[in-house]
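Okay, structure first, notes after.
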Amino acid sequence: MAQHAVLSSGSKLWRSVRCPKSELRLGLTLPGGQSFRWRETAEGHWTGVMGGRVWTLTQTEDTLWYHVYDQQENREKGKEMERRANVSFHGQSKTEKRFKERVKKEEQELPVGVQNTATEEEMLRDYFQLNVNLGDLYREWAAADPHFKNIADIFTGVRILRQDPTECLFSFICTSNNHISRIQGMVERLCQALGSPLCQLDQTWYHDFPALSALADSSVEARLRNLGFGYRARFLQQSAKQILDTREQDWLDSLRKVSYKEARDALRSLPGVGTKVADCVCLMSLDKSDAVPIDTHVWQIAKRDYKYAAGKEPKSITEKLHKDFKNLKEASHQKQPKEEENHQEEERSTECPTATVKREYSGTGKKLKSQSISHKKAKLSVKKEKAV
């Protein structure tokens, strides 16, 4: 059985990209609530699924290392496992047939091992948007915002991911009235139930994110309710079905080419997608860097660090409050970075998890228990700032 790769065991099967930690810190970016597919499988090693491949990522001071697993040896095991799961859940010959056909088609498209290094490096650069110079942005933000200037050195290397729009959208539909550790579990169960198996490492199976056709099946709502998705099960199935029935095949990807407002409004036409979720998807998968998702954490930060007040304390983030924040942003010409959410003490009931550091230390279970020296420094610095 294949095991999770560790760089210290030998770098022969690893590839690398020059990338200093000032430009990317995996421990702050991957578990912060943008994507829900990454787990720390060894200290400083993050394993997850991206682009139909299973990756383990780690880094040294000036290098990003990546290992992509050979999936060929696991395909037959995966097909048998998927067949058994499908029969157990569905018990419907027509649904089972469609499901098998989809699995077969997607398996034919899966990569085999680390055989296309150029493509994988390009995928990695695109996912982390490494073409964007983070140092330049930090200097720009520090010049415009004295508070950011004071904390910039603590939270270096936090980047906005450029995710697959389908995965990003349906993951964030799961975030309604939820917190990161529970969202991670839901997304994992969603992939196990409806996604194609990719490979098994130690005792863990990794699955691709489900295709729209799998999410839209009429049996999905009941199946996901049985898996603990609650009312979100209906939103997931109905949104996928609405896209397939009324939109072009590449509709979600095409939203990268339209304006932020047009993309946001288009997303809000889907069941279960409000302004907050739409903004998260726009920012983290549709190239809309002017999108600023507003949740209770951002509201608290605005009050505490920027002395912003909009009357009586709101019970929820309303559309009016979204507009107030938008007007404030336009008036000040400041881009408030997502890493400022790192100061919040606890996960709250209504979250849009956007690059949050504090949640890495609470509520994410044993797999995120290990903290690097830089993490501990960040945590102590935040406590000191609160004491002041």
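The values are calculated or read from the model by the stated rules, or taken from the named source; none is laboratory data. Only a predicted model underlies this, so the values are computations on that prediction, with no experimental measurement involved. As a convention, Cβ positions derive from the backbone with ideal geometry for all residues, glycine included, and neighbour counts pool all protein chains shown. Only protein heavy atoms, including side chains, enter the accessible area calculation; ligands, DNA and RNA are left aside. Shrake-Rupley method; radii C 1.70, N 1.55, O 1.52, S 1.80 Å.
What do you reckon, is Arg232 buried (at least 16 other Cβ atoms within 10 Å of the Cβ) and of a type in the set (Lys, Arg)?
Yes, satisfied.
Could you tell me whether segment 257-266 includes any residue that is more than 23 Å from Asp295 (Cα to Cα) and not in a strand (DSSP E or B)?
Yes.
Quick one: Ala240 ticks every box in (1) of a type in the set (A, V, I, L, M); (2) crowded, with 18+ Cβ neighbours inside 10 Å; (3) under 18 Å from Gly185 (Cα atoms) except a single one, so which number is it?
For Ala240, the failing item is (3).
Taking segment 4-15, which residues are at pLDDT 95 or above and part of a loop (DSSP other than H, G, I, E, B)?
His4, Ala5, Val6, Trp14
Residue check: is Ser176 more than 30 Å from Asp136 (Cα to Cα), open to solvent by 10 Å² or more (accessible area, probe 1.4 Å) and part of a loop (DSSP other than H, G, I, E, B)?
It is true that Ser176 is more than 30 Å from Asp136 (Cα to Cα), open to solvent by 10 Å² or more (accessible area, probe 1.4 Å) and part of a loop (DSSP other than H, G, I, E, B).
To keep it simple, each residue is scored yes or no on (1) open to solvent by less than 20 Å² (accessible area, probe 1.4 Å); (2) touching a Lys or Arg at 6+ places or on another chain (Cβ under 6 Å); (3) not in a loop (DSSP other than H, G, I, E, B).
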| residue | (1), (2), (3) |
| --- | --- |
| Gln184 | yes, no, yes |
| Glu188 | no, no, yes |
| Gln192 | no, no, yes |
| Cys199 | yes, no, yes |
| Trp205 | no, no, yes |
| Pro210 | yes, no, no |
| Glu221 | no, yes, yes |
| Arg225 | no, no, yes |
| Gly228 | no, no, no |
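Please go through (1) open to solvent by 10 Å² or more (accessible area, probe 1.4 Å); (2) at pLDDT below 95; (3) hydrophobic (A, V, I, L, M, F, W, C) for Ile160 and return the number of the only condition it doesn't satisfy.
(2)
So if I check each of Arg18, Arg25, Arg39, which one is more than 25 Å from Gln203 (Cα to Cα), basic (Lys, Arg), under 18 Å from the mean Cα position of the chain (by Cα) and modelled with pLDDT of 95 or more?
Result of the check over Arg18, Arg25, Arg39: Arg25.
In segment 42-54, what count of residues is obtained for those that are in a strand (DSSP E or B) and in contact with a Gly (Cβ under 9 Å, 6 or more places away or on another chain)?
3
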